[in-house]
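Read the figures in this text as sums done on the coordinates, not as results from a lab. All of these numbers come straight from a predicted model, not from anything done at the bench. Neighbour counts run over all protein chains shown; Cβ positions are idealised from the backbone, glycine included.
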Amino acid sequence: MSVVAQDLASSPQAAQVLSKAVVRAASRMGVSRSRLAGVLGVSAATVTRLCRGSYVLDPQRKEWEFALLFVRVFRSLDSLVGNEETARRWLQGDNRGLQARPIDLLAHTEGLVRVVHYLDASRGLV
């Protein structure tokens, strides 16, 4: 992480913004709380607190990096398909390029990164 990124990540405001962004992205993409817990590598109880606003993501933990990637998936899908329903169908559908359903890949670090790279490559074509 660059020095600038570290400074931003250490800001309490950044933690609040990313925490809210993750919850909103999950809601808009139809990702359940239990699946979000798997994506972030935290407990279901932590995600419940995150959704209530009584917990913010910690920039010093892996959950921060997973949250950044998850929000990146949302932003990429939003720019590519433009609406929530299509994004949800894309996440739930079989994908030949990824050789899996994207939603199933999100729960594992390698899969999350593969989905991000796939979407980045697709955005590059637009």
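Pairs please, first residue from segment 19-47 and more than 14 Å from LEU106 (Cβ to Cβ), second anywhere and of a type outside the set (D, E, K, R) and assigned to a loop (DSSP other than H, G, I, E, B), Cβ atoms under 8 Å, 6+ apart in sequence or on different chains.
Every condition considered, the pairs that remain are SER19/GLY53; SER19/TYR55; SER19/VAL56; SER19/LEU57; LYS20/GLY53; THR46/TYR55.
How do the pairs read when you match residues in segment 95-107 that are β-branched (Val, Ile, Thr) with residues anywhere that are in a loop (DSSP other than H, G, I, E, B) and crowded, with 16+ Cβ neighbours inside 10 Å, using Cβ under 9 Å and keeping only pairs 6 or more apart or on different chains?
If the second residue must be in a loop (DSSP other than H, G, I, E, B) and crowded, with 16+ Cβ neighbours inside 10 Å, the pairs left are ILE103/VAL31.
Which fully enclosed helices (runs of 4 or more DSSP H) of segment 16-126 have 2 or more residues being surrounded by fewer than 13 Cβ atoms within 10 Å (Cβ to Cβ) and touching a Cys at 6+ places or on another chain (Cβ under 7 Å)? Quick ask: steps written out before the conclusion?
Numbers: elements: 33-40, 44-52, 62-81, 84-92, 102-105, 109-125.
In segment 16-126, no matching helices (runs of 4 or more DSSP H) lie anywhere.
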